[in-house]
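Accompanying notes for the structure given below.
The values are calculated or read from the model by the stated rules, or taken from the named source; none is laboratory data. Because the structure is a prediction, the values reported are computed rather than measured. Please note: Cβ atoms are built from the backbone with ideal geometry, for glycine as well, and neighbour counts cover all protein chains shown. The accessibility values were calculated without ligands, DNA or RNA, using every heavy atom of the protein model including side chains. Shrake-Rupley method; radii C 1.70, N 1.55, O 1.52, S 1.80 Å.
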Number of protein chains: 4
Amino acid sequence: MSQKDVLRPGHVCIRVMDLDAAVVHYTDRLGLIETERDDKRVYLKAWDEYDWFSVVLREADQPGMDFMGFKVRDKDALERLAKEVENFGCQVERIPDNELKHCGERVRFEAPTGHMFELFADKEFYGNSTGTRNPEAFLEDVKGMGAHRFDHCLLYGDDLDGSVKLFREVLGFDLTEQVVDGDLQIAAFLTCSNKAHDIAFIRNPEKAKLHHVSFMLETWEEVLRAGDIMSKYDITLDIGPTRHGITRGRTIYFFDPSGNRNEVFAGGSTWYPDHPTITWDAEQLGKAIFYHDRQLNERFLEVVT
Amino acid sequence: MSQKDVLRPGHVCIRVMDLDAAVVHYTDRLGLIETERDDKRVYLKAWDEYDWFSVVLREADQPGMDFMGFKVRDKDALERLAKEVENFGCQVERIPDNELKHCGERVRFEAPTGHMFELFADKEFYGNSTGTRNPEAFLEDVKGMGAHRFDHCLLYGDDLDGSVKLFREVLGFDLTEQVVDGDLQIAAFLTCSNKAHDIAFIRNPEKAKLHHVSFMLETWEEVLRAGDIMSKYDITLDIGPTRHGITRGRTIYFFDPSGNRNEVFAGGSTWYPDHPTITWDAEQLGKAIFYHDRQLNERFLEVVT
Amino acid sequence: MSQKDVLRPGHVCIRVMDLDAAVVHYTDRLGLIETERDDKRVYLKAWDEYDWFSVVLREADQPGMDFMGFKVRDKDALERLAKEVENFGCQVERIPDNELKHCGERVRFEAPTGHMFELFADKEFYGNSTGTRNPEAFLEDVKGMGAHRFDHCLLYGDDLDGSVKLFREVLGFDLTEQVVDGDLQIAAFLTCSNKAHDIAFIRNPEKAKLHHVSFMLETWEEVLRAGDIMSKYDITLDIGPTRHGITRGRTIYFFDPSGNRNEVFAGGSTWYPDHPTITWDAEQLGKAIFYHDRQLNERFLEVVT
Amino acid sequence: MSQKDVLRPGHVCIRVMDLDAAVVHYTDRLGLIETERDDKRVYLKAWDEYDWFSVVLREADQPGMDFMGFKVRDKDALERLAKEVENFGCQVERIPDNELKHCGERVRFEAPTGHMFELFADKEFYGNSTGTRNPEAFLEDVKGMGAHRFDHCLLYGDDLDGSVKLFREVLGFDLTEQVVDGDLQIAAFLTCSNKAHDIAFIRNPEKAKLHHVSFMLETWEEVLRAGDIMSKYDITLDIGPTRHGITRGRTIYFFDPSGNRNEVFAGGSTWYPDHPTITWDAEQLGKAIFYHDRQLNERFLEVVT
């Protein structure tokens, strides 16, 4: 096991039922940039990301997440992690170079919660919107909410213990925050960086569910603007603007046209590997999730894709 | 009729069922300063107000609003307005000087919606917390949400047409925004200043109801902090942080320990007497009130005191 | 004398040496909208203003301000004020209807500090960018700094006492803040509204000088963005982002391509006619003007147009 | 060489000429918490840090930095890095456990620029101000500027190439941004995390100079408040509030009572090891450092301690 071989969430492939509507949502409203298409998929990136894509939209009959991919340090790390994931008991599939355009070989496996994950070491450099030589310090013409980057996913599944063990012991993630009901862990927030979370899991009877895909903003003002954009374009709001107890992030949740939940958020605590895990008791779950309301709306708990 | 004889909302007297709990709420949480007591009432002001008080808490069996008072330019304006209010058809009562401590004579009358209002010309100068000679530009140690001033009330009552006529034609207020259902006005936002509203009314079967008492903050960051304070001290949130369509204000609603609804908000449009009234159609009421959700929670519509 | 007959600063006519460069500056950078041209002038308004224009650019050999105009309540107010200004000792000139397109008759006079002012009662309605029926609560596509409205001017001139007397006693303005050197008033901030200032004067040996034309933003975030826009387009910064002691506003100063100083700012205190004037001592002038630096740069003191 | 054995800047020891004045500055004004004293030193931490201290103040005849310490992952990492630093050519000194109270053994060495650095693996846990079980998401009563954590130092010295080589090749830091004059690197920003910098060096004829010690805030609003606190307590401002081109951070610089420069800042770009280094040309140095002014004040360039 080696910490820090996994760099970050590198992409998520989202199933959408109307590709054109989804592209409008993720570009004009959320603010991503279309960088590629193939016969079935549209590739997107945020303005402050360098790699060729971080979101892939695939037209399908049902919404949800096809897979989430993590970028690893290099090919050696990829090989070593592939072996360790297999030793952990996951079946590993190799997806050849360029099956996703501009992306190197991917190592795919199913986590105990039923979600498909991938590791990859290479993706072509596209460049961010400000450049790397005497760059401007801001982007003047952001579109819509102006998402800065794809940040994390929150996933629902049954074998929480298994997926948490896989991410901590094999992939080197740290447990930054958790919700417990007595001895039972019911939610786990995991990071491979200094961020408050790079992925999170909630214990849930059904496998392989997507709760939300999250994108980073920079300020609480931008969270307000995100809400304003939702109103102007009649995007279904789930909840917010508000604050999370967990991670301290300022947040707003909404749905894409296919019913996949999105989050945009700003701020949040910084993680270091020597920090203690923050623990929330289940009876404080409302406050943990929505710090201001201190109660969960049913939609937030039950609507997953 | 003379515009601009009414300067601003000068005070509101709120009925509370537990005076001690109410004082903690309005001082330590909302951030007001206690400036006076008499045998039955506690007097409060916000840190950036000059007059001796703007909120009076009175212990009672039921929550609600006893009366709202407006400060007028001077004694001449007071006398002239008293006469005009009487001519309009309201019974006028004179409350002697110092019945509310530090406050001059008040002219009290009942509006067609059943609410009690007062006009007064004099209130003793207490001073704000930064002073008037080489003042600091901010207050370092605000308490709780740090409300800057008492701003307005939103009231529910039956004879909306009557109260709006009284405020526009007699008291010189302008109609900044309204909600209409066909030809029927169902909400009216009225100002005696450059503010988006100094008082507002909603048409409602029952007379004399208080929807909320509102206090001004300066920024959207302060609205976030207000929500944070609510969570820390387990104050019941109604809705927010969010944005209003009407007035554009950034807002959060909550309840005092007696169930009276409070608002703190920041920002909002500027009014001039030559501006057009902004009109919202009833089917857009959700968006008009809560711009992000675009729907009203039942509590917001039905809970009044 | 009648308070509140003057509604607000209605327009300013700025001399620029290169009209095309000025139009780019005031539209693409500051965010105003071009609404009209005549053979020598370009007319502009901010996105949240209703009247046809608030800024007029005139090509000339020297930068500076031709005149500043105030909108008054109606024709009666215009006639009465015209007479009172004349009685005060100013020569009054009538500029006929439509000399500035879309603007009614203007009453022009020279103030004791040598500045030309105008009063007018009528200007055609153009409409703001969000409309008056179920409007959106924000403007998605602001240009550049996104100025919300023309706000005020700061002017330098010799007979400060005369101009202050004219604005207070004839035009009904209030003195919100002042700087004094012993008994000598050296700066006066005057309002005809609830704003912290609608016009300001600094005592200065030379007559008829323009220090800056100011435009309102809504938030401290927007002040940051204004600075960012300056950097991207190489606009000369004067000072900021910073805070004023006087008015408490958050501010940034810069120059148009002809050397006229502009300000964009957000926030600031609210004025009521019963409020005390805030007084700053000359030895606190640095802090009064630039609250953080507590010293004036020479350019700010000496560069006027 | 092993990446990620160095976790973060763990402490800085600052020389101050009047200890009492320094303690007031770093606690009541900057917002740190005093956690320990010994006969010559005062230990401080920020409210959101867990370890016992991050700043040590030592009374001395001259201001400046005694040393900066980095926390490493564990004792193995400490031993391995100690060896590699020695192999690099630095003389290594062992400071015994508890010489700085609550801190384990430290490995001290002099970098080629003349600065003293330390590595340590253990420091006692003190806890942050919100706790780890169902914590509040904010701290209500921050003091002064409310610094969240000690963030980084900027150091001036002669052998820039040597120190950069040491940090990159031995300590595993990445070069996030740099300023170059043709082929000559004149500034280097280095990180051991996802932060835009954990340490930075500027090429300078004299060895071992401190330019500033930097503390993190969370928002641009907090940067404004920091400026306000400076004004209220007459703390010497260097420059700001403004934006950096390098790192994009929002910032304000000021001096402690001994003349050591402090920074508080918010925001900034996120680093990943596969990101390209951002390069600034020397002729863009003004914009790189102060994005709005696009010029450096002489004080910023020349005053170091």
Self-check item: Among (1) open to solvent by 20 Å² or more (accessible area, probe 1.4 Å); (2) touching a strand residue (DSSP E or B) at 6+ places or on another chain (Cβ under 9 Å); (3) modelled with pLDDT of 95 or more, the one test that D:Leu100 misses
Solution: (1)
Quiz item: Take the residues of the range D:226-236 that are surrounded by fewer than 22 Cβ atoms within 10 Å (Cβ to Cβ) and in contact (Cβ under 8 Å) with a residue 12 or more places away in the chain: which is nearest to D:Ala187 (Cα to Cα)?
Solution: D:Thr236
Practice problem: Please determine, by comparing only the residues of the range A:242-260 that are open to solvent by less than 10 Å² (accessible area, probe 1.4 Å) and of a type in the set (Ser, Thr, Tyr), which one is nearest to the other protein chains (Cβ to nearest Cβ). | Solution: A:Thr242
Quiz item: Is it fair to say D:Glu302 is open to solvent by 30 Å² or more (accessible area, probe 1.4 Å) and facing another protein chain (nearest Cβ under 10 Å)?
Solution: no
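Residue by residue through the range C:178-204, note down the ones that are part of a strand (DSSP E or B), of a type outside the set (A, V, I, L, M) and open to solvent by less than 10 Å² (accessible area, probe 1.4 Å).
Passing the criteria: C:Thr191, C:Phe201.
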Exercise. Might you let me know whether the range C:148-158 holds any residue that is over 19 Å from the mean Cα position of the chain (by Cα) and at the interface with another protein chain (Cβ under 10 Å from one of its Cβ atoms)?
Key: no
Self-check item: So B:Leu19, is it farther than 21 Å from C:His275 by Cβ, among the aliphatic types (A, V, I, L, M), away from every other protein chain (no Cβ under 14 Å) and open to solvent by 10 Å² or more (accessible area, probe 1.4 Å)
Solution: yes
Quiz item: When you go through (1) touching an Asp or Glu at 6+ places or on another chain (Cβ under 8 Å); (2) open to solvent by 10 Å² or more (accessible area, probe 1.4 Å); (3) within 30 Å of D:Gly144 (Cα to Cα); (4) not small (Gly, Ala, Ser) one by one for B:Glu218, which number turns out not to apply?
Solution: (1)
Exercise. Kindly indicate the residue of the range D:9-48 that is touching a residue at least 60 places away in the same chain (Cβ under 8 Å) and among the hydroxyl-bearing types (Ser, Thr, Tyr) and also nearest to D:Leu139 (Cα to Cα) among those meeting that condition.
Key: D:Thr27
Quiz item: Can you find even one residue in the range B:119-130 that is closer than 25 Å to B:Ile289 by Cβ, touching a Leu at 6+ places or on another chain (Cβ under 9 Å), open to solvent by less than 10 Å² (accessible area, probe 1.4 Å) and in contact (Cβ under 8 Å) with a residue 40 or more places away in the chain?
Solution: no
Quiz item: Do we have C:Gln295 as closer than 13 Å to B:Glu136 by Cα and either open to solvent by 40 Å² or more (accessible area, probe 1.4 Å) or away from chain D (no Cβ under 14 Å) (or both) here?
Solution: no
Quiz prompt | Selected residue [under 19 Å from A:His212 (Cα atoms) and not hydroxyl-bearing (Ser, Thr, Tyr)] from A:Val92, A:Val55, A:Val85, A:Val72 | solution = A:Val55
Quiz item: What are the residues in the range A:261-270 that are β-branched (Val, Ile, Thr) and crowded, with 23+ Cβ neighbours inside 10 Å, if any?
Solution: A:Val264
Quiz item: Can you pull out the residues in the range A:39-69 that are open to solvent by less than 10 Å² (accessible area, probe 1.4 Å), of a type outside the set (Lys, Arg) and more than 22 Å from A:Val304 (Cα to Cα)?
Solution: A:Val42, A:Tyr43, A:Leu44, A:Ala46, A:Phe53
Practice problem: Name the residue, out of B:Leu171, B:Leu139, B:Leu166, B:Leu155, that is farther than 23 Å from B:Tyr253 by Cα, touching a strand residue (DSSP E or B) at 6+ places or on another chain (Cβ under 6 Å) and not hydroxyl-bearing (Ser, Thr, Tyr). | Solution: B:Leu171
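Conditions tested, residue by residue: (1) over 22 Å from the mean Cα position of the chain (by Cα); (2) within 13 Å of chain A (Cβ to nearest Cβ).
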position: D:Glu84; (1), (2): yes, no
position: D:Gly89; (1), (2): yes, no
position: D:Lys123; (1), (2): no, yes
position: D:Tyr126; (1), (2): no, yes
position: D:Gly131; (1), (2): yes, yes
position: D:Pro135; (1), (2): yes, yes
Exercise. Return a yes/no flag: does the range A:102-112 have any residue that is over 30 Å from D:Arg250 (Cβ atoms) and among the basic types (Lys, Arg).
Key: yes
Quiz item: Does A:Thr247 satisfy being on the phi > 0 side of the Ramachandran plot, under 15 Å from the mean Cα position of the chain (by Cα) and modelled with pLDDT of 95 or more?
Solution: yes
